[in-house]
Amino acid sequence: MKKQHILPFTFITLFAFSIVSCTNGGGTETTTGAAVTAPKDVLKHVVAFTFKDSLTTERKVQAVADFVALKNQVPGILSFEGGEDVSVEGLTKGFTHCFIVTFESLEARDVYIPHPAHLELVDKNKPLMKDLIVLDVWAKE
């Protein structure tokens, strides 16, 4: 296979696999017909951003640490992961950091948004951002 066809082939394969996964009920049955427990739906809160150019490294590190600290301050967070971008594809559109906060439920996310610790973080760190995007998506645990 030629090198230039590897990326499209990989994308098509992954896309087809995701369609099959979504249309077969999320993996609730094995090929032998034995029932298994379906994965639980969880809400993923995806935050990607880039800092203003004028910020010092120390201030950027502190802003990220403040964000990571939310996992111990707000109830209903199942996991908190992410960090600085290391992609080699050149498709970041300038975003340098990405974090994924996994909530146990929609209600947990709805507690997080107006939570005092989250609001304090937003007030303190949003002015440091050159660009920011937030997406919430449902996923299997």
Tally Lys and Arg at +1 and Asp and Glu at -1 over the other residues with C-beta under 13 Å from the C-beta of C98: what net charge comes out?
-2
Given a 1.4 Å probe, how much area per residue of the stretch 37-141 is accessible, in Å²?
62
Gained length - K93 relative to D110, 0.36 nm times residue gap less alpha-carbon distance
3.2 nm
The stretch 34-108 - Rg over Rh from alpha carbon coordinates, Kirkwood radius:
1.09
Along Cα→Cβ, 7 Å out, is where each label goes; now give me the distance between the ones at A69 and L132 in nm to one decimal.
1.7
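The values are calculated or read from the model by the stated rules, or taken from the named source; none is laboratory data. What you see is a predicted model; the values in this text were computed from it and never measured. Quick reminder, even Gly has a Cβ in these numbers, built from the backbone with ideal geometry, and neighbours come from all protein chains shown. Calculation scope for accessible area: heavy atoms of the full protein, side chains included, ligands and nucleic acids excluded. Shrake-Rupley method; radii C 1.70, N 1.55, O 1.52, S 1.80 Å.
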